[in-house]
Amino acid sequence: MLKRKEGTAMIVTLENNQEKVSIPEALEADLTKAMNVVAELEALSPQTEVDITLVDDAAIHELNRTYRGIDRPTDVLSFALDEGEEEPEVDDDEIEHLLGDVIISAPTAVRQGEEYGHGLEREMTYLAVHGMLHLLGYDHMEEKDKLIMRKREEEVLRRLDLAEENFGG
């Protein structure tokens, strides 16, 4: 099911392409709220759009193998769409900027939420924020970049009352 939510900060499209994990509407609202917090902190245009797709482990495994050459499932993948030379979409005389796709494995989010002791809501929101920050150019390959990215992730999660310190982390 595809749900397009236009908020004040940006456009968020949610698509649940898996049946293994039940996704409550409150969690969908939290994901949209998290993307809007990122948009606000990063001063993104209200016409910026991100697509979040929830999949199962088999689907994310295939994407990881095909696009990254890594033959195993992962928790989240980001695919930036503004790296090419496509023309922007025009909607109601305003240019939409489709930032990219964030693909999250719902079963992995459940497992990691249990493993880390903070549950599905915080884990899936964290993964969405992490993926969104990758779309915006954040990275964690170098230690200094990792610290910058973690600080921004926690800043977003803190605004949503989902920061690590709320879960004993």
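The values are calculated or read from the model by the stated rules, or taken from the named source; none is laboratory data. On a predicted model such as this, the values are computed, not experimentally measured, just so you know. Cβ placement follows ideal geometry from the backbone for every residue including glycine, while neighbour counts extend to all protein chains displayed. Just the protein is used for accessible areas: all its heavy atoms, side chains included, with ligands, DNA and RNA removed. Shrake-Rupley method; radii C 1.70, N 1.55, O 1.52, S 1.80 Å.
Specify which of the listed residues (GLU153, GLU143) is touching a residue at least 12 places away in the same chain (Cβ under 8 Å), of a type outside the set (Lys, Arg) and over 20 Å from PRO24 (Cβ atoms).
From the options GLU153, GLU143, the qualifying one is GLU153.
Could you identify the single residue in LEU133, LEU147 that is open to solvent by 60 Å² or more (accessible area, probe 1.4 Å), at pLDDT 95 or above and assigned to a helix (DSSP H, G or I)?
LEU147
Being open to solvent by less than 30 Å² (accessible area, probe 1.4 Å) and more than 11 Å from the chain's Cα centre (by Cα) is the filter here, so list the residues in region 14-29 that pass it.
GLN18, VAL21, ILE23, LEU27, GLU28
Among all residue pairs at least 6 apart or on different chains, which show Cβ distances below 7 Å where the first residue, located in region 103-115, is under 12 Å from GLN18 (Cα atoms) and the second is small (Gly, Ala, Ser) and open to solvent by 20 Å² or more (accessible area, probe 1.4 Å)?
No pair meets every condition.
Pick from region 91-126 the residues that are surrounded by fewer than 21 Cβ atoms within 10 Å (Cβ to Cβ) and part of a strand (DSSP E or B): which of them is modelled with the lowest pLDDT?
ASP91
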